[in-house]
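The values are calculated or read from the model by the stated rules, or taken from the named source; none is laboratory data. Model, not experiment: these values are computed from the prediction. Cβ sites come from the backbone with ideal geometry, for glycine too, and all protein chains shown count toward neighbours. SASA here: full protein model, heavy atoms, side chains in, ligands and nucleic acids out. Shrake-Rupley method; radii C 1.70, N 1.55, O 1.52, S 1.80 Å.
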Amino acid sequence: MTMGTSLLMLVPQQIFSGMNSFVLMAIPLFLLSGELMNVSGITERIVRFTNTLVGHRKGGLGHVNIAANIFMAGISGAAVADAAALGTMLIPAMNKSGYSKPYATALTGAASIIGPTIPPSMAMIVYGSVANTSIAGLFATGFLPGLFLGLLMMVLNHIISSRRGYQMQQRKASLGEVFRALKDGIFALGMPVIILGGILSGIFTPTEAAGVAVGYSLFVGLFIFRTLTLPMIWQALKKTISISGVALLLVSVGGILSWVLTVAQVPQTIAAGMLGITSNKYVFLLLVCALLLVVGCFMDLTASIVILTPILAPIAAQMGIHPLHFGITVVLALNIGLNTPPVGAVLFVVASIGQISMESIIKEIWPFVVCQIVTLLLVALVPWFSLLVPSLLGLY
């Protein structure tokens, strides 16, 4: 058998091997559950509930945008999906309430990064599959960083809104209005509790949780809210196939590249080079953060994880960095790339929704990107910050 024939046989084997993973089944299932929740009106109920909580403060709709992304994080786990779902409602609403369209669009894009940080997260599922790391443990590491990022962005939104006079007058919701909004959205808010509670308590695996999420979405949409129709389900299926197909193809083809890199001993060469530069794990983490922030500007999130994880994770292990700590650092750093040009996927989505130029968004989004980088540095340099929740849950 010639070398060429061997390679022709090897390529399809590697592609199949890259996708032949029970864990990766969670990606299309979580995406489908998120799509079903969106088309059945769940997103609107979440926005209405968050508006009763924080809508009366300075920059109220901006706070609603960020808080809604925190709640939505427990449903879809994909920044692009959250940006599209919330942007369609909140960008026009914020603009109508006096916010500039570039600011409303930039805030929507920046807040969507919370989605793949707080579990469930598509990026964490891919990372866990590639690095052979506990996905439940990775999910747990995202809680504190995601909530901290949301709080930091709310503080920044308050400062900017106060200076510009955005939405300074709005009546505070009464306790009765809060309870009515909570009652209306209780089934929407129950989904993250079921998913995360089941995973973190060990009742079911992330993939099984994704299946439960789809079943829950169908039940709520068909029998509780009665807003879900067969055409809506069909549209959700088509959109899920489109998005997850691209992600899974990247993962599978990335398996070939990983094999080539391993055969060529590229990880070992890079490891020797980096260990020659520094033996300090925190300096190494800073170098990794800088590298990933640059890579995130030019490469797709999933492709970056698939290509770089097999190279960087073994070096981190050699330096004594906990796998979960390194995992959340990589995922958060690459998530930021969704907000940075020229390839930031979220920027293109919100620019299309807001119907404004990319340049006007970039001018407004950079303070929020700074918040994201501050959170990244905190995660990288203070290990207990991300590892506290998994340690309390006994996940490492």
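Estimated at the nearest 10 Å², the accessible area of TYR282 is 80 Å² with a 1.4 Å probe. Each residue of the chain gets 146 Å³ once the volume of the Cα convex hull is shared out per residue. Computed from the alpha carbon positions, the gyration tensor of the range 52-106 leads to an equivalent ellipsoid with semi-axes of 19, 14, 7 Å, biggest first. Measuring max minus min along each principal axis, the C-alpha atoms of the range 70-182 give extents of 51, 34, 24 Å (largest first).
Considering only LEU53, PRO310, ALA79, whose Cα is most displaced toward the positive end of the charge dipole of the chain, charges sitting on Cβ of Lys, Arg (+1) and Asp, Glu (-1)? Looking along the dipole axis, the top candidate is LEU53. Normalised by the number of residues in the range 72-136, the average gap of Cα pairs under 8 Å and 6 or more apart makes the relative contact order 43 percent.
Legend: residues ASP184, ASP300, ASP82, sorted from most to least accessible area (1.4 Å probe; ligands, DNA and RNA excluded), read ASP300, ASP184, ASP82.
Treating the angle as unsigned and between 0 and 90°, give the value, to the nearest 10°, between the Cα long axis of helix 101-111 and the longest Cα principal axis of the chain. With rounding to tens, the tilt is 50 degrees. The magnitude of the dipole of the range 149-210, with charges of +1 and -1 set on the Cβ of Lys/Arg and Asp/Glu and taken from the Cα centre, is near 460 debye. Inverting the pair-averaged 1/r between distinct Cα atoms of the range 287-338 gives 10.9 Å as its Kirkwood hydrodynamic radius.
Panel note: the C-alpha atoms of the range 15-150, placed on their principal axes, show extents of 52, 29, 25 Å (largest first). Between VAL155, THR205, LEU144, the Cα set farthest toward the positive side of the dipole of the chain (charges on each charged residue's Cβ, about the Cα centre) is that of VAL155. Can you tell which of LEU175, GLY190, PHE223 lies farthest toward the positive end of the dipole of the range 93-224, using +1 and -1 charges on the Cβ of basic and acidic side chains (Lys, Arg; Asp, Glu)? Looking along the dipole axis, the top candidate is LEU175. Is the shape of the range 150-201 rounded, prolate or oblate, going by the alpha carbon gyration tensor and its root eigenvalues a ≥ b ≥ c, with a/c under 1.5 for rounded and a/b larger than b/c for prolate? Verdict is oblate for the range 150-201. The Rg/Rh ratio for the range 125-216, using Cα coordinates for both the radius of gyration and the Kirkwood hydrodynamic radius, is 1.11. For the chain, a crude dipole built from +1 on the beta carbon of Lys and Arg and -1 on the beta carbon of Asp and Glu, taken about the Cα centre, is about 1060 debye to the nearest 20.
Straight-line cross-link reach from LYS183 at under 17 Å between alpha-carbon atoms covers no lysines, not counting any fewer than eight positions away in the same chain. Extents of the range 298-384, largest first, come to 47, 25, 15 Å (Cα atoms, principal axes, whole angstrom).
Normalising the average separation of contacting C-alpha pairs (under 8 angstrom, six or more residues apart) by the number of residues puts the relative contact order of the range 106-173 at 28 percent.
At the listed q of 0.09, 0.10, 0.15 Å⁻¹, the Debye profile of the range 94-249, built from one uniform point per Cα, gives log10 I(q)/I(0) equal to -0.43, -0.53, -1.15. Peptides 188-200, 127-139 ranked from most to least packed give 127-139, 188-200, packing being the mean of other C-beta atoms within 10 angstrom over each peptide's residues. Here the dipole of the range 35-121 is about 360 debye; that uses its Cα centre as origin and unit charges on the Cβ of Lys and Arg (positive) and Asp and Glu (negative).
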